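I'd like to ask some things about the structure below.
The values are calculated or read from the model by the stated rules, or taken from the named source; none is laboratory data. Computed from a predicted model, the values in this text were never measured in an experiment. Cβ: placed from backbone, ideal geometry, glycine included. Neighbour counts: every protein chain shown. With ligands, DNA and RNA removed, areas are computed over all heavy atoms of the protein, side chains included. Shrake-Rupley method; radii C 1.70, N 1.55, O 1.52, S 1.80 Å.
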Amino acid sequence: MQVLTGKSVYNDVCIGKLSFFKRNKSVVRRVHIDDPQIEIERFHEARESGVKQLQGLYENALKSVGEANAAIFEIHQMMMEDLDYADSIENIITTQEVNAEYAVATTADNFAAMFSAMEDEYMRGRAADVKDVSERLIRILSGDEETSQTGDEKVIIAADDLAPSETVQLDKSKVLGFALQGGSTNSHTAILARSMSIPAVIGLGFALGEEMDGKMAIVDGSDGTVYIDPDEETMKRMAEKKAEYDRKRELLAQLKGKETISADGTKIKIYANIGSPEDVVKVHDNDAEGIGLFRSEFLYLGREDFPSEEDQFNAYRDVAQNMAGKKVVIRTLDIGADKKVDYFNLSEEDNPALGYRAIRICLTQPEIFKTQLRALYRATAFGNISIMFPMITSVEEVRKIKDICAEVRAELDAEGIPYKEDTELGIMIETPAAAIISDDLAKEVDFFSVGTNDLTQYTLAADRMNNKLAPFIDTHHKAILRLIQMAAENAHKNGIWIGICGELGADTSLTREFLKMGIDELSVSVGLVLNVRDAVIHTDLRKED
Ligand code: PEP
Ligand code: MG
């Protein structure tokens, strides 16, 4: 047995034969031509047919994988019609007196190299797209057929990388999974694999070789492992894991796309909590309706120095774009207490949980805060982002925050940088003080989200990191539930929405209670989204408990 490791794109397991993707790659030869104008005409005609083909692919993809994923073919059309791209091809034809195929292939290599060298991961992912577009043009120019893959048997497709159009054109009923040498989790192929719910592991490198064609394999998308010629024990373990996924998929099939609404008609949104842009994959897998808490401090952890505005902007923008218009609540950094970072130079404290943390750092070190806010506001232009502030205890803090946000917006205005003017600003209700003055706080912000993890520790005076206190921590304590209720009433009286993003939101023994309180949104760990939706659907507030 050989064990290969890569990056998971879609969490599921499949077992079957490996089949290497065969490509009718057109062989491009450099041919001297006498009349460049004829070649330029050929290029124009090929481009016209290419755009038509892509329009057809867009329409097919729209039906099979939805608008957000089909959009890749619109991008391909734009790439194909791009003026710089055309200029490059025409220049090569004229200056080098060569055939259109060669000019397209050279341009593709140049553009792909340029994209691959970019810092931005999203832009690096576009290298595959420009190659795909160019390959299509070359095929049209040389009159080659498109690749057709897969026989009658269901197989695991192995390849160096797959172009988005190759992925969409595969007969999905014959594909068990994908194992790819290259690829990035942000590539459109990865996005398509996810939306087609196909287990996939990418970035396996040359450990995955063509000599493995036809061998038995297992793709374990839960941890990015591919087993070739699995032994009996692995086979058994993986078959069990697959059965578990199958059960979960059944639940998903019943609940996916369904509105989260109780039997008596009470609506609530189920969002997911994430810590990094990569988690968006799981958000989609579990059909969450949005992201209710992106713990942005994870971008600050595990590194030597502050993340730059650009690093942060890229992360926030990627999440917003990948969520395709669904709400993404990003919390500003919550460093301190249990989340320690050396370069913040925080001094030792006797009571770190009651200490210099979160918004307290941001308000006393506005340069750190402003860098994050600039990145956040810039990213608002790419999706549906709301900004949330942690550890609030007073109205004054919120007013200071809003002043700093106004300064950041004024800077962006002066620089002509776009952002969403009416970006929602909200706060976490995670201190008893915030819950108790939630009537005043509600007049200052657009939404509340209850952080029950901290609200519990502060209300019960019990350190959430101290295991010895477990017997003293009653998460259903009346004091906590009353504080949540109070915040919910004050939110609604003032016309704003309220969610819960602490762990208690996923406690299905309280789902009924939260529906009764009129909580608008529950943001839970991704793996629990469907459980909570299930609990809501099976609740009927007209009936007694
Ligand atoms: C909370 O306190 O409930 C919360 C969601 O924030 P964190 O767990 O990150 O402190
Ligand atoms: Mg908290």
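Below 8 Å, C-alpha to C-alpha, sequence gap of six or more: please give me the relative contact order for the range 36-142 in percent.
For the range 36-142, the relative contact order is 30 percent.
Moving on. Sequence gap at least 6, Cα distance under 8 Å: using those rules, report the relative contact order of the range 296-420 to the nearest whole percent.
This gives 32 percent for the range 296-420.
Continuing with this model, one more query. For Ile473 paired with Ala461, estimate the spin-label separation in nm (one decimal), with each label point 7 Å from Cα along the Cα-to-Cβ line.
1.8 nm
Still on this structure: Share of the range 216-373's accessible area from carbon and sulfur, percent, 1.4 Å?
That fraction is 49 percent.
Here's another thing I want to ask about it. Given q = 0.16, 0.21, 0.23 Å⁻¹, what are the Debye log10 I(q)/I(0) values for the range 202-325, with equal point scatterers placed on the Cα positions and solvent ignored?
-1.02, -1.17, -1.26
How large are Rg and Dmax for the range 425-541 when calculated on the C-alpha trace, in angstrom?
13.9, 41
Right, another one. For the range 263-537, what does the accessible surface come to per residue with a 1.4 Å probe? Please give it in Å².
Averaged over the residues of the range 263-537, the accessible area is 40 Å².
Relative contact order for the chain: what is it in percent, counting Cα pairs under 8 Å that are at least 6 residues apart?
14 percent.
Next question. When the accessible area of the range 36-142 is split by element with a 1.4 Å probe, what percent falls to carbon and sulfur?
51 percent
Oh, and also: On the protein heavy atoms, probe 1.4 angstrom, tell me the percent of accessible surface of the range 445-512 carried by carbon and sulfur.
Percent of accessible area from carbon and sulfur atoms in the range 445-512: 52.
Any chance you could list P(r) for the range 285-329, counting all Cα-Cα pairs in 5 angstrom bins from zero, rounded to whole %?
5, 19, 27, 23, 14, 9, 3, 0
For Asn110 and Asn453, calculate 0.36 nm times their separation in residues minus their Cα-Cα distance, and state this gained length in nm to one decimal.
Difference between extended and current length: 118.3 nm.
Label-point separation (nm) for Glu74 and Arg482, each offset 7 Å from Cα along Cα-to-Cβ?
Spacing of the two 7 Å Cα→Cβ label points: 5.3 nm.
Mind checking the full-extension length gain between Glu240 and Ser347? Use 0.36 nm per residue of separation minus the Cα-Cα distance, one decimal, nm.
33.6 nm
Would you mind putting 353-359, 435-441, 111-117 in packing order, based on average other-beta-carbon counts within 10 Å, highest first?
So the peptides 353-359, 435-441, 111-117, ranked by packing, come out 435-441, 353-359, 111-117.
Right, something else. Just flag the GluC sites (Glu not before Pro) in the range 73-128 sitting in loop per DSSP whose Cβ has no more than 16 other Cβ atoms within 10 Å.
Taking the range 73-128 and a limit of 16 other Cβ atoms within 10 Å, the loop GluC sites (Glu not before Pro) found are Glu81, Glu97, Glu119.
Write down, largest first, the equivalent ellipsoid semi-axes of the range 263-537 in whole Å, where each equals the square root of 5 times an eigenvalue of the alpha-carbon gyration tensor.
Equivalent ellipsoid of the range 263-537: 27, 23, 19 Å, largest first.
Please work out the FRET efficiency for the pair Ser394 and Glu250, using the Cβ-Cβ distance as r and a Förster radius of 45 Å; give the result to the nearest 0.05.
0.40
I would also like to ask the following. Given the -39500 (n - 2.57) contribution per DSSP H run of 4+ residues, what per-residue ellipticity at 222 nm results for the chain, rounded to the nearest 500 deg cm²/dmol?
-14000 deg cm²/dmol
With r defined as the distance between the Cβ atoms of Glu119 and Lys402 and R0 fixed at 22 Å, what FRET efficiency is calculated, to the nearest 0.05?
Computed FRET efficiency for Glu119 and Lys402 comes out at 0.10.
Using mean Cβ contacts within 10 Å as the protection proxy, how do 252-259, 501-508 order, highest first?
The peptides rank, most packed first, as 501-508, 252-259.
Here is a follow-up. Just subtract the alpha-carbon distance of Glu153 and Ala381 from 0.36 nm times their residue separation and send over the number in nm, one decimal.
77.5 nm
If you find the alpha carbon centre of the range 454-528 and of the range 58-126, how far apart are they in angstrom?
Cα centres, the range 454-528 to the range 58-126: 50 Å.
Also, quick follow-up: Using the Cα atoms as the points, what is the convex hull volume per residue of the chain in Å³?
180 Å³
How large are Rg and Dmax for the range 36-142 when only the alpha carbon atoms are used, in Å?
Reported Rg and Dmax, both Å: 14.1, 44.
Okay, next question. Run the quick spin-label model on Gln37 and Glu278: label points 7 Å from Cα toward the beta carbon, then report their separation in nm to one decimal.
5.6 nm
Could you give the distance between the Cα centres of the range 200-276 and the range 375-413, to the whole Å?
Here the answer is 37 Å between Cα centres.
Another question about this same structure. Once the Cα atoms of the range 387-447 are picked out, what are the Rg and Dmax in Å?
12.9, 41
At each listed q (0.17, 0.20, 0.25 Å⁻¹), what is the log10 of I(q)/I(0) that the Debye formula gives for the range 210-273 modelled as equal alpha-carbon point scatterers?
The computed values of log10 I(q)/I(0) come out as -0.76, -0.89, -1.11.
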